[in-house]
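This report concerns only the one structure given below.
The values are calculated or read from the model by the stated rules, or taken from the named source; none is laboratory data. Just so you know, these numbers come straight off a predicted model, no measurement behind them. Counting neighbours? That spans all protein chains shown, and the Cβs are built from the backbone with ideal geometry, glycine included. Protein only, heavy atoms only, side chains kept; ligands, DNA and RNA dropped before computing areas. Shrake-Rupley method; radii C 1.70, N 1.55, O 1.52, S 1.80 Å.
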Amino acid sequence: MAIEDERAVISAPISGIIVPITDVPDPTFAQKMVGDGVAIDPTEETLRSPCGGHVSQLHPSCHALTISATDGTEILMHVGLDTVMLKGHGFKALVSEGDTVRRGDPLIAFDADYIAQNATSLLTMIVITNGGADVKALSSGMAVAGATPLLGVSLPPKDGKEAAKDETAPAGIVKSMPVTILNPDGLHARPAAVLSASAKRFSCSIKIGRDGQEANAKSVVGIMGLSVKRHDSIVITAEGDDAAEAIAALVPLIQSGLGENLHVVPGKREDAVSGESPAIKAGPENPDVMVGISASPGLVAGAVFQLRGSAIDVKKEGRGAEEEKKALEGAISGAAKELDEIEKSLRMSADTGKAAIFAAHRELLEDPALFEAAISGIKRGQSAAYAWRENYAAQADSLAKLNNELLAARAADVRDIGERVLARLTGAERRGISAPENSILIAPDLTPSDTAGLSKSGVLGFCVTGGGATSHASILARAAGMPAVVAAPERVLNLPDGTPAILDGEKGFLRANPSREEIARVRARQEKLERKRRDELAAAALPAATIDGVRIKVVGNISGASEAGRISELGGEGVGLLRSEFLFLQRTEEPSQEEQSEAYAAIAKAIGPKHGMIVRTLDVGGDKPLAYLPLPEEVNPFLGIRGIRLNMLGTGIFSSQVRSILKIAPLTQLGIMFPMVATVEEFRAARDIVLREKDALGIKAPVQIGIMVEVPSAAIMSDVLAQEVDFFSIGTNDLTQYALAMDRRHPKLAGMADALHPAVLRLIHATVEAAHKHGKWAGICGGIASDVSAVPVLIGLGLDELSVSVQGIPSVKAAIRALSMERCMAIARDALDMKTSGEVRSYLAGIASQAPNEEGEIAQ
């Protein structure tokens, strides 16, 4: 049985940077005189309730209040230091004493600019005032209001208990203790699918309970219907011969996140509840501006095209229960095969995000709640088509009405699989989207199947009144690089077809009837970029050689076969980084050696035998956990078991992957590199496994073995490592954040975590010199390699290979052909002597051969 920590979890009441309470510049808080807790340096202007309870105290100046949680925990929240002196100026209370609140409810609004100018600090303290409370900080770094678990609180005399058999339960029934859900978005479709699939392995009946409601744990729809949010507690009840085994397996699986990263916070915008954009200031409403939620960035000008669906006619009366049941089972089976083929194709082409969506649809098809309800209708004399349509429509409507943006967005998934089965039952063709060129699609909502086909239509972007930023349609739009706005006002559906419009996916609005000047600016920017892109594509096959004849190898960073197939057509010379994680993430079981080998072989065939292919071994841990390889929670996962350290744990995953990779050696010029190597010992241990497996398989083809240089110690020790490796590939993304001690995802530090910082450039230079000294080659596969402005300094530092995003290959090659190596070496020498990344970037901007792009901003 799992040990369950019964600490109450207090969520972050405001977004911002978490600061230890002991670092607050006020002894009253720093010395914990008020109580234990943390502080947050806010990045927004609304304080929200961190839990359910009531407002037990509100200061007259509205800068502080106390929430009494339902379990008795007292949480004091104090906005700023010395803010009591402001006498309420800059603050607005949104609640009153005695009000009942739920987690996420707004409590206090404040003017951050005013407080910053008139108070000592904006730091917001969150303190537990109960005497004797055991308080544990749960997170560090960036907090997101309502999403980040901030504090774990245990009030005396409560203690952790082990998930065990409920003494009051009947014989044969096993119950878990309450399990807290820490998934950033609760139990939405994908974690629900993982939980359902895992529950189906047991013969016993399994129920999930939350607040008096129960659902079948083997039903994805049932799980989603519970609307389980982050920090909710659930109880698992199992009845049957293997009930104890089921509880013992499912509790730790749930605690590990069901394959999701528990350190990532949801992407929902804080203003999504009101549907108003923070970019739209108070004032008379502009009827031509329709504000929704940003789902996918991008700016386009086009014409409105309204997508109006047509219902499939079905007969209500059936032809007999047995015949109708057989028809339904056949339709579901056929739809399941379709989805299996779609998922397999997407996984083979490395579209793991899309694959996971259609895998979740496959689970929905097997959902007992959907099937049994339709069978019930069939038994009452209904046709299979009628019973199925009525049931899936009711389930979708039920989800759409949930007070949970993420689960409501899953209504489109239920409609999608419902329509897929219904089309098979009736012989009707599924709705296809045929839109005029340069269309901005408007609809109440889109299913994932609708969205997946948009890139082949004339659609530039879409705006829907339903859905959310976390809907699968939104995820697919982001994957396709298509601007999208969701949760737009209903009046957008009244716009006539052909209405001129600008869709701003970044800011989350559609503007109808823009001025000619605004349209001209957007289109001029689009045309300028398109001309430049066409010129680069036309010259993509030319060698990447400098004016004075120095060849630089330009290869691609990819995550699967679909991208590999484009490398040659865009002028690339092979694969410099294959991120093998695409085979391991978003699934409940480790991929087999056969599946891995098939995927690697497909990529090798796509790039051809003339080009090389470097496979990075599995790089997980930190921000990329595996559902089937749960790891203990770490204080700082990015400095813990990740990369090569995880591979060396002896789980068998590494050896299995190495064998799968080695099998394709006869098909390509193969290279294998290890991630996050910090020491010579780590490299030797991994290399020895590769050599042992190579001998065991009888592989005679040459295989290069190298490392990613992304830990400062590897760069500093590169002179030693260069004597043992075959090559270096510098991963500047991690190298930069580790060298500068700045999280590249941190909202306030990301801009300073610059790979062009002289400290990083010196590490790159030392690595390249060490490689060349020992006759080895050095490349770079970090994001900076795709930055055209950085190309002069990178090749001037002596890098032999630039591994870039596939789309960026033509641009980078064009940049190289416009440079001389002599000039680049001089640029690199100058950059190494500079003091800041700002100086380097200003210097490079000054010598850039092309003018800065126009921004094409559109006024609202």
I'd like the accessible area for residue 341: 1.4 Å probe, protein heavy atoms, all chains in place, Å² to the nearest 10.
130 Å²
Ordering 710-721, 568-579, 531-542 by per-residue average of other C-beta atoms within 10 angstrom, highest first, gives 568-579, 710-721, 531-542
Flagged as over-length at 30 Å C-alpha distance, from 528/776; 605/813; 344/379; 200/337; 315/344, the pairs are 528/776; 344/379; 315/344
Taking the Cβ-Cβ separation of residue 323 and residue 566 as r and a Förster radius of 56 Å, what is the calculated FRET efficiency to the nearest 0.05?
0.70
Quick calc, residue 636 & residue 57: beta-carbon distance into FRET formula, R0 35 Å, rounding 0.05, result 0.45
Highest mean packing first, using Cβ neighbours within 10 angstrom, the peptides 321-332, 782-793 sort as 782-793, 321-332
Spin-label model distance (nm) - residue 248 vs residue 205, 7 Å beyond Cα toward Cβ
2.4 nm
Give the accessible area for residue 105 in Å² (nearest 10); use a 1.4 Å probe, count only protein heavy atoms, and leave out ligands, DNA and RNA.
40 Å²
At a Förster radius of 51 Å, what calculated FRET efficiency corresponds to the Cβ-Cβ distance of residue 341 and residue 688, to the nearest 0.05?
0.80
Please sort 43-56, 112-125, 798-811 by packing, taking for each peptide the average over its residues of neighbouring beta carbons within 10 angstrom, highest first.
798-811, 43-56, 112-125
Which net charge results when you count Lys and Arg as +1 and Asp and Glu as -1 among the other residues whose beta-carbon is under 14 Å from that of residue 150?
+3
